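S.K.: Let me begin by handing over the structure; questions about it come next.
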Amino acid sequence: MSSPTPLPPGFARLAWSNLAAQAAEQIGLAAAPLVAVLALDAGAGATGLLQAAQTLPFLLLSIPAGVLADRMSRRRLMAGAEAVRAASLLAILMLAVLGMLTLPLLALLGFIGAAGTVAYSVGAPSLVPALVPRATLAAANGRLELARSTAFAAGPALGGVLVGWVGAAPAFAVAAVLSLGAVGLLAGLREPPRPALPPRPVWHDLREGAGFVLAHPLLRPVLVTAVFFNIGFFILQAVYVPYAVHHLGLTASEIGATLATYGIGMVTAALLAPRIARALPFGAVIAIGPIAGFAASLVMVATIWVPSVTLAALSFFLIGAGPILWTIGSTTLRQSVTPERLLGRVSAMITVATFGARPIGAALGALVGASSGAASCILLAALGFLVQAVVILASPVPRLARQPEMAG
């Protein structure tokens, strides 16, 4: 087995920028609801609206961001988007210091900051193939995913500690500094030029991107798998806390510990991803994620009859670990088979499908949980995880022995 090819030095700027941007996002997402509750006396309904404001841009703006990513410099798009997020964080900081922060302003600025997140998230995977050779795509995606996993695991804790110890303003100040650092790193990144697309209506670009994904025999099952995984996961998320309290008999600290294993699983899988990728065929690595998701759902189903904090923690660990390998592998697959001129729109399609499925899963969880109880939701979530595993296993993806050749 040959040793892994080292990543080009120029990729380091994108990797560090991604880490700073992801950390800024997670700190801000953790601090906002804490500030809403502790400083603005927000209730559950208000915090729910705040969360909606921070996630709505993924549904509304992913496709426009994908069109822009294919029509302009992706580095400039990402730097501008991250500057927008930094500006929103600085505005929250200023309003908090002046005592002028209100819940509507916090929601509005959260929406603006999330709009920057969307454009950055769509641009990053589209930029990677221009910075690294084909042989290092998986390693580069793994590096970015490790940064995301680290930020996901540590960011909320850091945001909570900052708000609890020193107040809201320093928390948003730290997030803003990280966001500005991400902008600075992107400013020094050299992006290879690419041919400009001809002038044409936006609807033509949208139809071309959507048509490519839906017609491609490898990308179509990836899209469907992502939809059903997120539906299943968010059905589970919607009812887990009351289920853990009333059925599993867990304390608040035990619930927090089980949820923390999700982040631990993400980081563990991201660290092991290079070894796993060298040991297994390319398609098998991608299939691990959906299989792990289904296995996690079965472990959670087992808690219906065997209430156990250990089983609940194992379930969340598997949900965190498997999909990291899925994300690295499926992103590499997408970058390999998609022509460069379509990368932004194809990435946006996957983003919309992923985030669009989440409110559907949450709504199903709320509806079934209210009518039939949390245990029924656990079973329904397992059904969603079963569908996504069947879809990917029945597709040509798991049979890929190696990464496909780059599209022209």
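S.K.: Counting alpha carbon pairs within less than 8 Å and at least 6 residues apart, what relative contact order, in whole percent, applies to region 162-311?
M.R.: Rounded, it is 19 percent for region 162-311.
S.K.: Another question about this same structure. Taking the Cα atoms of region 284-393, what is the range of coordinates along each of the three principal axes, in descending order and whole Å?
M.R.: Cα spread of region 284-393 along its principal axes, largest to smallest: 51, 28, 21 Å.
S.K.: FRET efficiency for ALA375 and LEU197, Cβ-Cβ distance as r, R0 = 56 Å, nearest 0.05?
M.R.: 0.60
S.K.: Calculate what fraction, in whole %, of the accessible area of the chain sits on carbon and sulfur atoms when a 1.4 Å probe is rolled over the protein chains. Before the final figure, lay out the partial values.
M.R.: Numbers: 12390 of 17120 Å².
Reported share for carbon and sulfur atoms: 72 percent.
S.K.: I've got another one for you. Per the helix-only calculation at 222 nm, which mean residue ellipticity applies to the chain, given -39500 (n - 2.57) for every DSSP H run of n ≥ 4 and division by its residues, nearest 500 deg cm²/dmol?
M.R.: On the way: 13 runs with 330 residues, N = 408.
The per-residue figure over the chain is -28500 deg cm²/dmol.
S.K.: Could you calculate the FRET efficiency of ARG207 with GLU340 from 1/(1 + (r/R0)^6), where r is the beta carbon distance between them and R0 is 25 Å, rounded to 0.05?
M.R.: Calculated transfer efficiency: 0.85.
S.K.: Right, here's the next one. Contact order normalised by length for region 239-342, with contacts defined as Cα pairs under 8 Å and 6 or more residues apart; what percent is it?
M.R.: The value is 39 percent.
S.K.: What's the ranking of 236-248, 315-327, 195-207, 379-391 by average number of surrounding C-beta atoms within 10 Å, highest first?
M.R.: Going from most to least packed, we get 315-327, 379-391, 236-248, 195-207.
S.K.: Tell me, what is the percent relative contact order of the chain, built from C-alpha pairs under 8 Å that lie six or more residues apart?
M.R.: On the way: 665 pairs, mean separation 102.8, N = 408.
Relative contact order, the chain: 25 percent.
S.K.: For LEU311 and SER253, FRET efficiency with R0 = 25 Å and r from the beta-carbon atoms, rounded to 0.05? Don't jump to the answer; show the numbers that get you there.
M.R.: Details: r = 17 Å, r/R0 = 0.69.
The formula returns an efficiency of 0.90 here.
S.K.: Could you work out the local net charge near VAL213, counting Lys and Arg as +1, Asp and Glu as -1, over the other residues with Cβ closer than 12 Å to its Cβ?
M.R.: +3
S.K.: Per residue, how many Å² of accessible area does the chain show with a 1.4 Å probe?
M.R.: In whole numbers, the chain has 42 Å² accessible per residue.
The values are calculated or read from the model by the stated rules, or taken from the named source; none is laboratory data. Bear in mind that the values here come from a model prediction, so they are computed numbers and not experimental data. Cβ coordinates were reconstructed from backbone atoms using ideal geometry, including for glycine residues, and neighbour counts include every protein chain displayed. Remember, those area values only see protein heavy atoms, side chains included, never the ligands or the DNA or RNA. Shrake-Rupley method; radii C 1.70, N 1.55, O 1.52, S 1.80 Å.
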